[in-house]
Amino acid sequence: MNTLEAIAARRSIRKFKPDPVPEEALRAILTAGIQAPSGKNRQPWKFVVVQGEQRAEMMRRMRQGLAQFKARGEETGSAEWTARVMDQAPVTVFVFNPHGIHPWLEHTIDNNFDDLVNVQSVGAAIQNMCLAALDLGLGSLWICDVFYAEEQLLPWLGEDCQLVAAVSFGTPDESPAARSRKPLEEVTRWM
């Protein structure tokens, strides 16, 4: 499969088989992540891999964060569904920007620009990991709903920097069809 075919074939997987992901495959996925381009070659990413028995604590903290949001009367959108997906995935990788400032702290304009560049770089790393997983016969789900439990997850994960996303990996237990995309003409203006 060439690169364009891989991009077209990649899907967000929301049903995983319980099969463990081999360490060799995880290392290949993470290596693909660190090969992404990054602004000023900062390589602003850090990964925390959660698997095996540690998944139960991850889920406890995720559910605790969601419960706190709901107790305040705040909507959690699709986060509960996402938590169920994370619960069945054998591996979840939390992706951090170690140079980033927590969103609730004061930012200067320079901080904002640096964060934008770094988060774009981290996004490229995540996309590389998702494509590598596909190449290895694994599925992936890029997750942003972890922000609902950021307060509970960060101390447990041992990180005090900007959480960007999480990605769950495993053997897919579904083959979803491609989702519709806006036409090129709708999102492009030629000059």
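The values are calculated or read from the model by the stated rules, or taken from the named source; none is laboratory data. Note that the structure is predicted; figures quoted are calculated from it, not measured. All Cβ positions, even for glycine, are placed from backbone atoms using ideal geometry, and neighbour counts span all protein chains on display. All accessible areas refer to the heavy atoms of the entire protein, side chains included, with ligands and DNA or RNA removed. Shrake-Rupley method; radii C 1.70, N 1.55, O 1.52, S 1.80 Å.
With contributions of -39500 (n - 2.57) from each DSSP H run of at least four residues, the per-residue ellipticity at 222 nm computed over the chain stands at -14000 deg cm²/dmol.
Relative to the current alpha-carbon distance between residue 109 and residue 179, full extension at 0.36 nm per residue lengthens the span by 21.5 nm. Note that the chain, at 10 °C in a medium of 1.306 mPa s, gets a Stokes-Einstein diffusion coefficient of 90 µm²/s from its Kirkwood radius over C-alpha pairs. Hey, any idea what % of the stretch 1-45's accessible area is carbon plus sulfur with a 1.4 Å probe? Looking at the stretch 1-45 in its full context, I get 52 percent from C and S.
For the chain, build the charge dipole from Cβ charges (+1 Lys, Arg; -1 Asp, Glu) around the Cα centre, then report which of 180, 112, 21 sits farthest towards its positive end. The residue sitting farthest along the positive end of the dipole is 180.
If exposed means no more than 15 neighbouring beta carbons inside 10 Å and the site is in a DSSP loop, what's the longest run of the chain without any exposed trypsin sites (Lys or Arg not before Pro)? Here the longest run is 73-178. For the stretch 92-191, the mean projected area of the C-alpha convex hull, equal to one quarter of the hull surface, is 9.4 nm².
DSSP bridge analysis restricted to the chain gives an antiparallel fraction near 95%, rounded to the nearest 5. For the stretch 129-170, the spherically averaged projection of the C-alpha convex hull amounts to 3.3 nm². Note on the stretch 1-139: with charges restricted to the Cβ of Lys and Arg (+1) and Asp and Glu (-1), its dipole about the Cα centre is near 340 debye.
Per q in 0.13, 0.23 1/Å, what log10 I(q)/I(0) does a Debye calculation on the alpha-carbon atoms of the stretch 1-76 return? Taking Cα atoms of the stretch 1-76 as identical point scatterers yields -0.72, -1.17.
Once the 1.4 Å probe is applied to the protein heavy atoms, the stretch 52-96 comes out at 51 Å² accessible per residue. Here the stretch 24-66 is treated with +1 on each Lys and Arg Cβ and -1 on each Asp and Glu Cβ, and its dipole about the Cα centre works out to around 240 debye.
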